[in-house]
1. Which order do the peptides 31-42, 194-205 take when ranked by the mean count of other beta-carbon atoms within 10 Å per residue, highest first?
2. Can you tell me the convex hull volume per residue for segment 6-257, based on C-alpha atoms, in Å³ to the nearest whole number?
3. Neighbour counts of other C-beta atoms within 10 Å: give me 13, 87 arranged from fewest to most.
4. What is the gain in length, in nm to one decimal, between residue 38 and residue 238 on full extension, counting 0.36 nm per residue of separation less the C-alpha to C-alpha distance?
5. If eta is 0.890 mPa s and T is 25 °C, what Stokes-Einstein diffusion coefficient results for segment 1-104, Kirkwood Rh from Cα pairs, in µm²/s?
């Protein structure tokens, strides 16, 4: 539950961007859970970017109301879909949502609360602040290699950027829309989040971290990320520690006026 009075947020809008590729089995359930989340007087804008799905995802989306659907003519990658969604978003705050059921939209109030309080301009959801995976016993996770990869990405990012965050690969990230508009991202794949976060870290954007729920699916259920994506993420983290940052929108606007 959001802790400030409802009238304080009456004019606010939360844009939820959902990149989707072949998610016919889960996309409707995700959207209905988003619609059911109580954000008080905050308006929700749900934007699904269908990245040229070749299953029944387009048909499922056509029968849902209250959703803005943008379809890519060719499959361009998760990052490309997020970029399309960011350009279309009109909310004060933007949050990223996967099209599967690994993450719980019920976490939205906790995720956006620090931004609404004015204590930060971006929030990262951390799976590991809530619970660390176990690899023994009846509840063991089958993704030991994924966890090791996550630890490596966390360590490299923290060392290179001087931070102590606990999770960079969780889906849930929320931003003031102005932060996203001022931070152009080139990546079109899974490494989009890494480039975005590395750039906002270098720009000194205030970031908070909150615990989130996580229920990993299997590859048979549609999980797509692999070790190859992990290598690209590590390269992206290193690259944006070394390359000069592109000018923000504000700087470009001032240049054009001059």
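Please treat every number below as a calculation from the coordinates, not as lab data. The structure presented is a predicted model; accordingly, all values stated were derived computationally and were not measured. Note that each Cβ is placed from the backbone with ideal geometry, even for glycine, and that neighbours are counted across all protein chains shown.
1. On the way: 31-42: 15.8, 194-205: 20.0.
Ranking the peptides 31-42, 194-205 by packing returns 194-205, 31-42.
2. Once divided by residue count, the hull of segment 6-257 is 142 Å³.
3. The order, fewest Cβ neighbours first, is 87, 13.
4. On the way: separation 200, 0.36 × 200 = 72.00 nm, distance 3.94 nm.
Once the chain is fully extended between residue 38 and residue 238, it gains 68.1 nm.
5. 174 µm²/s
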